Amino acid sequence: ETNIILYLKNSQKPVTINQLQTEVWGHNSKLDTHTVETHIYRLRKKISETFENNDFILSTKDGYKLS
């Protein structure tokens, strides 16, 4: 989870699912997996419950980014 947040923080533009799979998990295949979406969902839930912030991780047409 920390690696996801740090990678998003250090990116100047939205990050795609494939980028997160490659850079955070080391997957470099095009397998259809919901690993990224599941982790983003859980992160959003934890952040919302702890900090009452529903907009920390944003979804755009180009990928995920931090607000």
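The values are calculated or read from the model by the stated rules, or taken from the named source; none is laboratory data. Only a predicted model underlies this, so the values are computations on that prediction, with no experimental measurement involved. All Cβ positions, even for glycine, are placed from backbone atoms using ideal geometry, and neighbour counts span all protein chains on display. Heavy atoms of the whole protein, side chains included, go into the accessibility calculation; ligands, DNA and RNA do not. Shrake-Rupley method; radii C 1.70, N 1.55, O 1.52, S 1.80 Å.
Separation between the Lys9 and Thr35 pseudo-spin-labels, each 7 Å from Cα along Cα→Cβ, expressed in nm?
Inter-label distance under the simple model: 2.3 nm.
For Leu58, which sequence-distant residues (separation of 5 or more, or a different chain) have an amide H within less than 5 Å of its own amide H, given hydrogens modelled in the peptide plane?
Lys65, Leu66, Ser67
For the chain, report the accessible area per residue in Å² (1.4 Å probe, heavy atoms, rounded to an integer).
75
What does the charge count near Glu23 come to, summing +1 for each Lys or Arg and -1 for each Asp or Glu among other residues with Cβ under 14 Å from its Cβ?
Neighbourhood net charge equals +2.
Would you kindly derive the ³J(HN,Hα) couplings of region 58-64 from the backbone phi angles with the Karplus curve 6.51 cos²θ - 1.76 cosθ + 1.60 (θ = phi - 60°), listing them in order in whole Hz, with x for Gly and Pro?
9, 9, 10, 5, 9, x, 9
Aspartates and glutamates near Lys9 by alpha-carbon distance under 17 Å, same-chain residues fewer than 8 away left out - which ones?
Straight-distance partners of Lys9: Glu1, Glu23, Asp55, Asp62.
Could you check the simple spin-label distance between Gln19 and Asn54, using points 7 Å along Cα→Cβ, in nm with one decimal?
Rounded to a tenth, the inter-label distance reads 2.6 nm.
Would you please give the residues with an amide H less than 5 Å from that of His27, counting only those at least 5 places away or on a separate chain, with H modeled from the backbone geometry?
Thr22
Angle between the Cα long axis of helix 35-51 and the longest principal axis of the chain, 0 to 90 degrees, nearest 10?
10
Can you bin every Cα-Cα distance in the chain into 10 Å intervals starting at zero and give me the percent of pairs per bin, rounded to whole numbers?
Over the chain, the share of Cα pairs per 10 Å bin runs 21, 57, 21, 1 percent.
How much of the accessible area of the chain, probe 1.4 Å, is carbon plus sulfur, in whole percent?
Roughly 48 percent of what the probe reaches on the chain is carbon or sulfur.
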